[in-house]
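Written out below as structure tokens is the structure these notes cover.
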Amino acid sequence: MKYKTYDLNGYKIYTIQTDKFKNSYIEINFRDDVREVSTCKRNFLSNMLAYSSKKYPTKREMLIQTEELYNVILDRNVSRVGYNLFTSFSLDILSPKFIKEKNYLENCIQFLLEIIKNPNIKEEEFDELSYQIIKERIETQVDQYKERPTALAMVNGLKELFPNSISGKRLIGTEEEIESITRKDLVTEYHNMLENSYCDILVIGDIDMDKMVSIFQKNFYKPSIITKEIPFIVENKIEKKRKVEKESTFEQTQLLQFYQLEKLTEYEQYYVLPIFQRILGRAGLSDKLSKYLRGENSLCYYVQCDFHYPNTYASILVGLSYENVNKALKYIHKSMKEMENKMISEEFLATQKEKSLSDLKLREDDIYGLIDNYYFHEISHAPLYQDYLENIPSVTLEDIRGLSKKMHESLLYILKEGDEYEEN
Amino acid sequence: MKKIKLKGLEEEIITDTCENGLSIYIWVNKKVNTFNGAYVVPCGSETVNFEIKKKKMHVPFGTAHFLEHILCKKEDGTSLLGDFNELGSYSNAATFADKTVFEFLGSNHLKENLELLLNSVQEKKFVKEHFESERGPILEEARMQKDNAGRLAHYEIQNCLFHNYPNRIQGLGTIKDIENMKLEDLETLYKSFYHPKNCFVIVTGNVNPLEVITVIKENQKKKHFEEFVEPKEEKYKEPKKVVTTFKELKANIEVPQVYISVKIPRKNFDIENDMLLLDMLNLILVSNFGTTSLFREKLFENNLALTIGSWAVQERDYLVLQVSARTKYPTELIPLLKDKMEHLELLESDIKRKVKSEIANLVLGYEDPESVKDNLAYLLIKYGKIIDNEKELLESIHLKSVQKVYEKMTMKEMNVFVLNPKKKTKE
């Protein structure tokens with residue numbers, strides 16, 4: 001695998017040349033400080049750009065072209081890491097070596113650039129029909145999370161925990177925010193994105209990278225160079241313990257226990273935290289939470305333990321009967337206490353470290369994971385897979401105890417099951 | 001050891017059989033770091049009525065799934081997943097309608113992973129206490145699934161379409177089934193279907209096929225199995241008519257969902273090849289309701305639908321064509337979808353483009369060990385063999401052949417199912 005970054009003044013191209021995969025992947029990423037951008041507008045805009053363009057004025061025409069290009073997959077996404085907001089447009093293509101057409105790679109890149117460079121704008125406004133369809137669709141998506149009890153608990157729990165922080169906010173925005181966005185606003189947002197964002201291009205696959213770079217050079221120009229630092233961690237104030245309980249119409253209760261994290265060292269963040277997470281709740285039913293909640297006490301089917309260090313919190317989510325909430329809490333606390341008191345065998349720690357290293361090999365088989373790892377290494381100094389291999393083996397039980405001391409029990413959010421109970 | 005060349009894909013499947021009848025299928029990809037191993041049993045959530053030596057047998061719905069859970073427990077009652085974890089591997093088990101799959105995904109200790117997989121499934125000692133302790137998590141799993149609107153819709157539609165098929169009941173069984181399940185039910189299914197002669201092992205990824213075959217054969221040589229009882233699944237008699245033409249239900253959803261399903265007897269069609277027939281039916285549906293259809297575009301433009309999906313599946317002696325949509329206006333949308341189902345269109349340009357896309361998907365499909373394993377398990381259970389000419393089958397599809405299929409598509413037996421929001425979620 002050959003890693004190389006090309007600096008083309010207005011933008012950079014991060015590349016990995018490899019013949020490991022049958023597909024290749026190209027992503028154009030705009031990166032902003034989330035505090036300076038309306039995430040709702042940005043999400044609306046990215047949907048508009050991927051829906052129609054000057055050359056392909058309807059979604060249907062755009063999708064016909066994806067099929068003509070041997071079923072390339074066009075995607076868009078808006079996501080956040082710390083204060084970094086990423087607006088990305090990507091194309092998954094067959095490796096050009098499988099295609100006889102001479103200009104296949106160039107045609108694919110031109111197609112992706114068409115979406116970015118030639119939006120469906122007339123007289124300083126986005127196309128009315130595309131706008132109406134997208135607006136309706138996003139307004140419906142706003143409430144879709146309420147259909148799943150786990151998502152409902154998580155979204156509302158985060159809103160309760162972080163009422164004034166970006167960590168508690170959904171990028172999609174609210175119905176009122178979406179309603180207030182005009183076609184003109186979206187044009188302003190479009191120019192804002194092109195002019196004031198970092199622009200990074202990610203390419204991985206069996207591609208002649210120099211040729212690919214020359215295609216971009218010929219067809220894509222971004223005048224401004226951005227240099228501001230955008231933090232990758234949102235440091236939220238540690239809140240007092242409290243409990244919030246809400247009613248629902250679902251069959252099952254969701255117990256969501258939050259923990260807030262103090263600032264971690266880079267060593268703790270990248271190497272200790274993944275091992276801690278495994279021992280606590282990610283070791284295939286042999287971790288502490290699964291062992292106590294499911295294995296020994298039959299309280300639940302799933303217990304999900306997640307760490308979101310860029311937002312400095314961790315969450316434990318359990319689906320169970322309401323009558324078992326207190327029992328489950330007792331075992332969650334017991335598990336956490338054992339982490340703090342190093343009640344973990346050296347063998348189990350060693351197993352989890354080995355499993356973590358084995359996972360790295362698995363991640364190396366993932367085309368998207370590979371390019372993301374390289375990209376984040378370049379922009380945020382996150383470790384490369386090689387660095388994990390070198391550092392994970394040195395994690396000790398003392399490191400685990402140190403990390404648990406930096407975790408503080410915070411909000412307990414209960415989404416209570418409904419009273420109705422019937423067999424369908 | 002035999003090699004099955006997959007025509008036009010430059011891929012091959014290596015196959016062998018152990019003395020006790022256990023079949024082995026291997027696909028090698030030296031470019032990846034990982035390997036995937038699966039023990040596949042042709043017994044799933046729909047395996048409830050069967051015959052052994054002319055004796056009728058019955059187990060409750062949910063037995064295969066309960067058995068899958070119990071097989072993932074060790075003799076001391078702890079989870080087997082922990083043992084795979086110690087080898088640095090992921091492991092999982094899943095019960096489908098027609099099969100149960102036990103698997104691991106790893107990058108080290110191939111031999112140990114394979115032996116652990118084989119021994120855990122083949123050397124089971126049933127312990128009453130472990131059986132009882134697993135009832136709680138399974139009941140919670142069932143309650144979790146009752147909160148899944150998609151699943152609710154799926155099983156309700158099966159009940160609207162079929163009178164007798166066992167696909168009408170949730171794979172986990174009802175809450176009552178789980179509460180009343182007996183250990184003997186699990187043992188009955190285990191003894192009947194888990195014989196090596198009835199099962200197969202699939203190994204995909206970065207492996208040496210000779211090593212895989214040697215490890216499996218050596219492992220099997222050490223074991224003794226009772227005689228295979230050759231269970232035969234019950235043949236269900238299913239009337240042509242749907243059970244009901246319309247049904248409405250409420251669920252925890254925010255926007256109504258509409259499903260139009262059509263039941264067509266398989267014997268209506270002259271084509272012998274099931275896979276080719278399904279490919280063509282899906283192609284017809286996707287041309288009319290898929291992302292590049294004009295009809296779909298008009299529905300979106302007029303705000304009559306927010307999403308649309310379509311697919312064709314085979315359920316024993318019948319084919320089911322289905323179109324689903326999320327819509328704020330079900331009353332207006334339903335007649336339009338029904339009308340479109342009854343007046344499907346075929347365009348040569350659409351067919352050519354869709355075939356091209358499907359071929360690209362097929363080529364890309366042989367890359368990731370997990371998806372290849374899934375595909376092989378699907379082919380072996382559904383068709384009883386590896387289909388070596390999937391690409392040729394797709395290439396053989398053209399307007400005339402699709403038209404022939406289209407002419408046999410009778411839309412008479414149709415069901416409309418609507419899922420409506422229960423009430424607004426309290427915040």
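The values are calculated or read from the model by the stated rules, or taken from the named source; none is laboratory data. Everything numeric in this text was worked out from a predicted model, so none of it was measured. Here Cβ is always computed from backbone atoms with ideal geometry, including for glycine, and neighbour counts include all displayed protein chains.
Given A:ILE99, A:ILE109, which one is free of Cβ contacts under 8 Å to residues at least 40 places away in the same chain and among the β-branched types (Val, Ile, Thr)?
Values: A:ILE109 fails: free of Cβ contacts under 8 Å to residues at least 40 places away in the same chain.
The match here is A:ILE99.
Let's see how each residue does on (1) crowded, with 23+ Cβ neighbours inside 10 Å; (2) within 11 Å of chain B (Cβ to nearest Cβ):
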| site | (1), (2) |
| --- | --- |
| A:LEU293 | yes, yes |
| A:GLY319 | yes, yes |
| A:ASN324 | no, yes |
| A:SER345 | no, no |
| A:ALA350 | no, yes |
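Can you name the residue in the range B:17-32 that is of a type outside the set (A, V, I, L, M) and surrounded by 19 or more Cβ atoms within 10 Å (Cβ to Cβ) and, of all such residues, is farthest from the other protein chains (Cβ to nearest Cβ)?
Residues of the range B:17-32 that are of a type outside the set (A, V, I, L, M), as a first pass: B:17-21, B:23, B:25, B:27, B:29-31.
When the remaining residues are screened for being surrounded by 19 or more Cβ atoms within 10 Å (Cβ to Cβ), the result is B:18, B:25, B:27, B:29.
Numbers: B:CYS18: 28, B:TYR25: 20, B:TRP27: 14, B:ASN29: 9 Å.
That would be B:CYS18.
Among the residues of the range B:359-377, count how many are more than 8 Å from chain A (Cβ to nearest Cβ) and either among the small types (Gly, Ala, Ser) or closer than 21 Å to B:THR291 by Cα (or both).
Going through the range B:359-377 one residue at a time, the tally reaches 5.
Any idea which of (1) more than 27 Å from B:TYR366 (Cα to Cα); (2) at pLDDT 95 or above is the one B:ILE202 doesn't satisfy?
(1)
Please verify whether B:ASP368 is outside the structural domain of B:CYS43 (by TED's automatic domain parsing) and without any contact (Cβ under 8 Å) to a residue 12 or more places away in the chain, treating the condition exactly as stated.
no
Quick one: B:THR292 ticks every box in (1) at pLDDT 95 or above; (2) part of a loop (DSSP other than H, G, I, E, B); (3) under 30 Å from A:ASP143 (Cβ atoms) except a single one, so which number is it?
Condition not satisfied by B:THR292: (1).
Quick check: anything in the range B:196-204 crowded, with 20+ Cβ neighbours inside 10 Å, assigned to a loop (DSSP other than H, G, I, E, B) and among the aliphatic types (A, V, I, L, M)?
No - not one qualifying residue is present in the range B:196-204.
Please determine, by comparing only the residues of the range A:326-343 that are among the basic types (Lys, Arg) and within 20 Å of A:LYS405 (Cβ to Cβ), which one is surrounded by the most Cβ atoms within 10 Å (Cβ to Cβ).
Among residues in the range A:326-343 that are among the basic types (Lys, Arg) and within 20 Å of A:LYS405 (Cβ to Cβ), the one surrounded by the most Cβ atoms within 10 Å (Cβ to Cβ) is A:LYS342.
Would you mind stating whether B:ILE381 is within 20 Å of B:TRP311 (Cβ to Cβ) and more than 10 Å from chain A (Cβ to nearest Cβ)?
Considered against the rule, which asks whether it is within 20 Å of B:TRP311 (Cβ to Cβ) and more than 10 Å from chain A (Cβ to nearest Cβ), B:ILE381 comes out as yes.
Applying the selection to the range B:117-148, what residues are facing chain A (nearest Cβ under 8 Å), in contact with a helix residue (DSSP H, G or I) (Cβ under 6 Å, 6 or more places away or on another chain) and not in a loop (DSSP other than H, G, I, E, B)?
Matches in the range B:117-148: B:GLU134, B:PRO137, B:ILE138.
Could you list, in sequence order, all residues of the range B:73-101 that are at the interface with chain A (Cβ under 8 Å from one of its Cβ atoms), in contact (Cβ under 8 Å) with a residue 12 or more places away in the chain and surrounded by fewer than 21 Cβ atoms within 10 Å (Cβ to Cβ)?
Within the range B:73-101, B:GLY77, B:TYR90 qualify.
For the structure I just gave you, tell me whether A:SER315 is in contact (Cβ under 8 Å) with a residue 40 or more places away in the chain and not in a helix (DSSP H, G or I). Walk me through it before giving the result.
On the way: in contact (Cβ under 8 Å) with a residue 40 or more places away in the chain: yes; not in a helix (DSSP H, G or I): yes.
Judged against the criteria, A:SER315 is a match.
Specify which of the listed residues (A:SER286, A:SER290, A:SER298) is within 22 Å of B:LYS73 (Cα to Cα) and out of contact with any strand residue (DSSP E or B) (no Cβ under 8 Å at 6 or more places or on another chain).
From the options A:SER286, A:SER290, A:SER298, the qualifying one is A:SER298.
Residue by residue through the range A:184-242, note down the ones that are of a type outside the set (Ser, Thr, Tyr), under 30 Å from A:LYS135 (Cα atoms) and exposed (fewer than 14 other Cβ atoms within 10 Å of the Cβ).
A:LYS184, A:HIS191, A:GLU195
Only one residue in B:ALA93, B:ALA64 is part of a strand (DSSP E or B) and touching a Cys at 6+ places or on another chain (Cβ under 7 Å), so which one is that?
B:ALA93
How about the range A:28-43: which of its residues are surrounded by fewer than 22 Cβ atoms within 10 Å (Cβ to Cβ) and acidic (Asp, Glu)?
Once the filter is applied, which keeps residues that are surrounded by fewer than 22 Cβ atoms within 10 Å (Cβ to Cβ) and acidic (Asp, Glu), the range A:28-43 yields A:ASP33, A:GLU36.
Residues that are basic (Lys, Arg), more than 27 Å from the chain's Cα centre (by Cα) and under 30 Å from A:ASN324 (Cβ atoms): which strands (runs of 3 or more DSSP E) entirely in the range A:214-310 hold 2 or more of them?
Qualifying strands (runs of 3 or more DSSP E): A:242-247.
Given the condition in contact with a Cys (Cβ under 6 Å, 6 or more places away or on another chain) and surrounded by fewer than 16 Cβ atoms within 10 Å (Cβ to Cβ), answer yes or no: does some residue in the range B:297-304 qualify?
no
Go through (1) out of contact with any strand residue (DSSP E or B) (no Cβ under 7 Å at 6 or more places or on another chain); (2) within 23 Å of A:ARG60 (Cβ to Cβ) and name the single condition A:LEU186 misses.
The single condition A:LEU186 does not satisfy is (1).
Applying the selection to the range B:224-283, what residues are without any contact (Cβ under 8 Å) to a residue 60 or more places away in the chain and surrounded by 15 or more Cβ atoms within 10 Å (Cβ to Cβ)?
Residues satisfying the conditions are B:LEU278, B:ASN282.
Could you go through the range A:344-364 and let me know if any residue there is part of a loop (DSSP other than H, G, I, E, B) and at pLDDT below 95.
Yes, there is a match, as at least one residue in the range A:344-364 is part of a loop (DSSP other than H, G, I, E, B) and at pLDDT below 95.
Identify, please: which residue in the range B:305-319 is surrounded by fewer than 20 Cβ atoms within 10 Å (Cβ to Cβ) and more than 14 Å from every other protein chain (Cβ to nearest Cβ) and is, among those, farthest from B:ASP274 (Cα to Cα)?
Among those that are surrounded by fewer than 20 Cβ atoms within 10 Å (Cβ to Cβ) and more than 14 Å from every other protein chain (Cβ to nearest Cβ), it is B:GLY309.
Considering every residue within the range A:357-370, establish whether at least one is touching a residue at least 40 places away in the same chain (Cβ under 8 Å), more than 11 Å from chain B (Cβ to nearest Cβ) and either surrounded by 15 or more Cβ atoms within 10 Å (Cβ to Cβ) or over 17 Å from A:LEU264 (Cβ atoms) (or both).
So far as the range A:357-370 goes, yes, one or more of its residues are touching a residue at least 40 places away in the same chain (Cβ under 8 Å), more than 11 Å from chain B (Cβ to nearest Cβ) and either surrounded by 15 or more Cβ atoms within 10 Å (Cβ to Cβ) or over 17 Å from A:LEU264 (Cβ atoms) (or both).
Show me the helices (runs of 4 or more DSSP H) entirely contained within the range A:100-176 in which 3 or more residues are more than 20 Å from A:TYR413 (Cα to Cα) and within 14 Å of chain B (Cβ to nearest Cβ).
A:128-142
Using the structure shown, decide if B:PHE104 is aromatic (Phe, Trp, Tyr) and either surrounded by fewer than 20 Cβ atoms within 10 Å (Cβ to Cβ) or under 17 Å from B:TYR194 (Cβ atoms) (or both).
No, not satisfied.
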